[in-house]
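Q: Pasting in a structure now, in structure tokens, and then I'll have a few things to ask.
The values are calculated or read from the model by the stated rules, or taken from the named source; none is laboratory data. In this text, all values refer to a predicted model and were calculated from it rather than measured experimentally. Reconstructed Cβ throughout: ideal geometry from the backbone, glycine too, with neighbour counts over all protein chains shown. All accessible areas refer to the heavy atoms of the entire protein, side chains included, with ligands and DNA or RNA removed. Shrake-Rupley method; radii C 1.70, N 1.55, O 1.52, S 1.80 Å.
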Amino acid sequence: MKDTKQQWFKDAKFGLFIHWGLYSVLAGEYKGKRTDRIAEWIMNYLDIPVKEYEKLALQFNPTGFNAEEIVKKAKEWGMRYIVFTAKHHEGFAMYHSGCSKYNVVDATPFGRDILKELQLACEKYGMKLGVYYSQAQDWHDPDGLRYGKDNSHKNYQAYLDRKCMPQLREILTGYGNIALIWFDTPMETTAEQSRAMIDLVKFIQPGCIISGRIGNQMGGYMTTGDNFIPRLPYEGDWELPATLNDTWGFNQYDHNWKNPDDVIRLLLKINSRGGNYLLNIGPDSLGRIPEGSIRVLDTVGQFVRENAEAIYDSKRVDIYAYELEWAQFTRKDYKLFVHMLQPKIRIELLNVGNRVKRAYLLKDGTELSYKVMKVCEGDSVIEVELPEYLHSRKNYCVCLETEEKEPIFEPIKG
Ligand code: H79
């Protein structure tokens, strides 16, 4: 069972992933060819030669980028940490690196250190900052790995020594507290190589969390598959990385946004099983957050703010409620939170062996009337009446205060 030993991570529940790099210049299209796949993979997918792809740096001038605005937005959306792609598989550093000129300060007309600006904004607004670093895949370095290509002639260790390890060191020494490093796609990284990376991170910043994808099961928590919710309860610390449409990096042709209801449901489903939801945005080549993302996240953020008590620091509820359409559940000591995801006129829960002391609407404290009845099998059913104006509403939360710390109950279907 994985344990980060970092309370902030256990309590955070919601984070912002930011995928941003040179691929945002292409925005899903190269020389008239579109990729219908994840846009940050375009170099690999369309086999763009390194010398060609490199030239994108000359066009990278995101004058619309404003770190403080992004961090403020993340706060507004209820996110408690940010994970930013300091280097994705393309190999381009989004910070001022001394070990490769292929970085945002030295190779672009923009010339600003994006990671530094994000660090300062995060410090100003009290946001945890994590860094995504593609440790194994590096499509720019001749010895970096490339998924789906022949890597047998490469000296992977030489690349690790020359670029990966020194860049990790730069990130960990030059950018304040790095709350976590999000490693990804370890490919053939050996246990010794993963260990060396972890040792380096922990030597410089002992509190820094290592993502599940360091490889060889050595991560500090379980990272699920992209967009994948585990079917069984998992007791340890875990996180689900997810897209808001069908790409991580900006794709001008992808408007397949999830709607706010989907996102709220996913957040609660993940939280009710004890996980964190790391939800992505992909800024465009000017550094702007896509309008479609903002629209959805503004609505989600309002829900999260109104129901913050039932989300942050909440604990998992070990019932198999995920088949249930109308609700998801979280809890704290002496409180059971019923997140109403579909319109209903009353809540019915079976087997509330513990007695409920009080029922109220979380967002404004309105008391709700309820009755507890014995059913003939001996269990009790609680019926909480919902006020009429809520009969057509969804996405709100009802709190049941209970006499037990960990209430035992069974939701009734339908
Ligand atoms: O950073 C994001 C992705 O770029 C990265 N992980 C998240 C967090 C990721 N790496 N690999 N994958 C996702 C899945 C790989 C899918 C692939 Fe493909 C299928 C690679 C080759 C075939 C998709 C389709 C990309 C190219 C073609």
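Q: Could you pull out every residue, at least 5 positions away or on a different chain, whose amide H is within less than 5 Å of the one on GLN135? Hs are placed 1.01 Å off N in the peptide plane, and Pro or chain starts have none.
A: ASP184
Q: Can I ask one more? Based on DSSP, what percent of beta bridges with both residues in the chain are antiparallel, to the nearest 5? Don't skip to the answer; put the middle values down first.
A: Details: 34 of 64 bridges.
Roughly 55 percent of the beta bridges in the chain run antiparallel, per DSSP.
Q: If you put +1 on each Lys and Arg Cβ and -1 on each Asp and Glu Cβ, how big is the dipole of the chain around its Cα centre, in Debye rounded to 20?
A: Values: 54 positive and 57 negative charges, 65 e Å.
Here the chain has a charge dipole of around 320 debye.
Q: What percent does the relative contact order of segment 327-402 come to when contacts are Cα pairs within less than 8 Å and at least six residues apart? Mind showing how you got there, number by number?
A: On the way: 160 pairs, mean separation 33.5, N = 76.
Relative contact order here is 44 percent.
Q: Moving on to the next point. With every protein chain left in place and a probe of 1.4 Å, what is the accessible surface of ARG162, to the nearest 10 Å²?
A: 100
Q: Then there is this: How big is the accessible area of TRP77 in square angstrom, nearest 10, if you roll a 1.4 angstrom probe over the protein chains?
A: About 0 Å², ignoring ligands and nucleic acids.
Q: Report ³J(HN,Hα) in whole Hz for each residue of segment 226-232, in order, from the Karplus equation J = 6.51 cos²θ - 1.76 cosθ + 1.60 where θ = phi - 60°; Gly and Pro get x.
A: Karplus-based 3J(HN,Hα) across segment 226-232 equals 3, 6, 10, 8, x, 7, 9 Hz.
Q: Further question on the same structure: Under the definition of Cα pairs under 8 Å and six or more residues apart, what whole-number percent is the relative contact order of segment 186-269?
A: Working: 75 pairs, mean separation 14.6, N = 84.
RCO, segment 186-269: 17 percent.
Q: State whether the chain is rounded, prolate or oblate according to the following rule on the C-alpha gyration tensor (a ≥ b ≥ c being the square roots of its eigenvalues): a/c under 1.5 gives rounded; otherwise a/b larger than b/c gives prolate, and the remaining case gives oblate.
A: Numbers: a/c = 2.35, a/b = 1.95, b/c = 1.21.
Prolate is the answer for the chain, as a/c is 1.5 or above and a/b outweighs b/c.
Q: Which cross-chain or sequence-distant (5 or more) residues have an amide H under 5 Å from the amide H of TRP238, H modelled 1.01 Å from N in plane?
A: MET222, ASN276
Q: Within segment 386-400, which residues have the backbone N less than 11 Å from the label spot 7 Å out from GLU309 along Cα→beta-carbon, could you tell me?
A: It comes to 398-400, nothing else.
Q: Shifting gears a bit: Given a 1.4 Å probe and every protein chain left where it sits, what share in percent of the accessible area of the chain is carbon and sulfur? Can you show the working numbers first?
A: Values: 8570 of 17290 Å².
That share works out to 50 percent.
Q: In terms of modelled amide H atoms, which long-range or inter-chain residues lie less than 5 Å from the amide H of CYS397?
A: Excluding prolines and chain starts, which carry no amide H, the hits are MET340, LEU362, LYS363.
Q: Note the angle between two axes, namely the Cα long axis of helix 67-76 and the longest principal axis of the Cα atoms of the chain, as a number of degrees from 0 to 90, rounded to the nearest 10.
A: So the inclination is approximately 20 degrees.
Q: Please report the antiparallel percentage of DSSP beta bridges with both residues in segment 214-346, rounded to the nearest 5.
A: On the way: 7 of 14 bridges.
DSSP beta bridges in segment 214-346 are roughly 50 percent antiparallel.
Q: Give the percent of DSSP beta bridges with both residues in segment 1-159 that are antiparallel, rounded to the nearest 5. Show your work: numbers first, answer last.
A: Values: 3 of 15 bridges.
Roughly 20 percent of the beta bridges in segment 1-159 run antiparallel, per DSSP.
Q: For LYS73, go through the aspartates and glutamates and keep the ones whose alpha-carbon is under 14 Å away, minus same-chain ones fewer than eight residues off.
A: Of all the aspartates and glutamates, those that pass the test against LYS73 - Cα under 14 Å, at least 8 places apart if same chain - are GLU291, ASP298.
Q: In segment 7-310, with Lys and Arg counted as +1 and Asp and Glu as -1 at Cβ, which of these residues, ASN216, LEU58, TYR23, has the Cα nearest the positive end of the dipole, that is, farthest along it?
A: ASN216
Q: From the backbone phi of segment 196-203, what are the Karplus-calculated ³J(HN,Hα) couplings (6.51 cos²θ - 1.76 cosθ + 1.60, θ = phi - 60°) in whole Hz, Gly and Pro given as x?
A: 4, 5, 4, 4, 4, 4, 5, 5
Q: From the protein chains alone at 1.4 Å, what is the descending order of accessible area for VAL381, VAL372, largest first? Don't skip to the end; give the middle numbers.
A: Working: VAL381 10, VAL372 85 Å².
Output order, biggest surface exposure first: VAL372, VAL381.
Q: Hey, which of these cross-link pairs are over 27 Å Cα-Cα: LYS128/LYS405; LYS2/LYS128; LYS33/LYS75; LYS374/LYS394; LYS344/LYS374; LYS116/LYS269? Spell out each step's value before the answer.
A: On the way: LYS128/LYS405 30 Å; LYS2/LYS128 21 Å; LYS33/LYS75 37 Å; LYS374/LYS394 29 Å; LYS344/LYS374 22 Å; LYS116/LYS269 34 Å.
Listed pairs above 27 Å: LYS128/LYS405; LYS33/LYS75; LYS374/LYS394; LYS116/LYS269.
Q: In deg cm²/dmol, rounded to 500, what helix-only [θ] at 222 nm does the chain give when every DSSP H run of at least 4 residues adds -39500 (n - 2.57) and the total is split over its residues? Please report the intermediate quantities before stating the final value.
A: Values: 14 runs with 110 residues, N = 414.
That calculation yields -7000 deg cm²/dmol at 222 nm.
Q: Ok, one more. For segment 241-252, what does the Karplus curve 6.51 cos²θ - 1.76 cosθ + 1.60, with θ = phi - 60°, yield as ³J(HN,Hα) per residue in whole Hz, taken in order and with x for Gly and Pro?
A: With coefficients 6.51, -1.76 and 1.60, one gets x, 9, 9, 9, 10, 10, 8, 9, x, 4, 10, 4 Hz.
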